[in-house]
Each structure stands twice: as C-alpha cells, then as structure tokens.
Amino acid sequence: VERYTTCLKLLKLFIQDHYKKEDVDIREIDYQFIKNFELYFKTVRKCNNNTTIKYIKNFKKIVKIALNEGLISADPFLKIKFRLDKIIKNPLSNC
C-alpha cells in the first residue's frame, strides 16, 4: 500500500508541475504522458534509472487495472520497454 500511496503522491506532483492542473482524466494517459512522467523522475526528482522504473512499474499496474475495468480502451504501455541497470554490489568487509 505504501508504494502505491507514494506513487499517487508523486503522480499528483508531476501533473501539477507538468500540466499545471490538479488532475488529468485517465483517458489522457498515453505514451507521451508516460515518457514525460519518466523524464520528470530523472530530471526534477533526480532519481536514477532503476528507481524511476520501479515507480513507473507501480503506475503501470494501476493503468492495467483501469484497462481491465474498461476505463481506458488502449494500453499506453504497449510500446514501452524498461530496462533496469545492472548493479554490482560489493560485500561489506569484516572489521
């Protein structure tokens, strides 16, 4: 629940910042909206690629529910592919 609450908060901030309004109709969510949302995370929020993708994937789950419920007719994520950056983790040293 916390992930989706955070996603909603950030989505509201994005809409206010980018579209200069309080909300958008779910039918306005298209490919360009998602790409702008991604750019917002990387530029304004200064998130790295993997963090950005995790937020976008949470949003994608909500959009899929809207699609399954018939609230939107087309999947705006259809042509979008996200790739996580491979992270090399160094083990902690023994003290």
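The values are calculated or read from the model by the stated rules, or taken from the named source; none is laboratory data. Everything quoted here is computed from the prediction, not taken from an experiment. All Cβ positions, even for glycine, are placed from backbone atoms using ideal geometry, and neighbour counts span all protein chains on display. When the accessible area is computed, the model is the full protein with side chains, heavy atoms only, and any ligands, DNA or RNA have been set aside. Shrake-Rupley method; radii C 1.70, N 1.55, O 1.52, S 1.80 Å.
With a 10 Å cut-off between alpha carbons and a GNM built on the chain, which of R27, R45, R83 moves the most? So, out of R27, R45, R83, the one fluctuating most is R83.
Using 18 Å as the Cα-Cα cut-off, could you pick out the over-long pairs in K21/K57; K21/K64; K9/K54? Beyond 18 Å between Cα atoms: K21/K57; K21/K64. Excluding ligands, DNA and RNA, the accessible surface per residue across the chain is 77 Å² with a 1.4 Å probe.
Using a simple spin-label model with pseudo-atoms 7 Å out from Cα toward Cβ, K35 and D17 lie 1.9 nm apart. Here is the list for the chain: GluC sites (Glu not before Pro) lying in DSSP coil, each with at most 10 other C-beta atoms within 10 angstrom of its C-beta, are E22, E69.
Derived from the Cα gyration tensor, the three semi-axes of the equivalent ellipsoid of the chain are 28, 16, 13 Å, largest first.
Roughly how compact is region 22-64, stated as its Cα Rg over 2.2 N^0.38 Å to two decimals?
Values: Rg = 10.6 Å, N = 43, 2.2 N^0.38 = 9.2 Å.
This ratio for region 22-64 stands at 1.15.
The charge dipole of the chain, taken about its Cα centre with unit charges on the Cβ of Lys, Arg, Asp and Glu (plus for the first two, minus for the last two), comes to roughly 500 debye. Using the Cβ of E22 as centre and a radius below 15 Å, the other residues enclosed give a net charge of 0, where K and R count +1 and D and E count -1. Once neighbouring chains are kept in place and the probe is 1.4 Å, which whole percent of the accessible area of the chain is contributed by carbon and sulfur? After summing per-atom areas, the C and S share lands at 54 percent.
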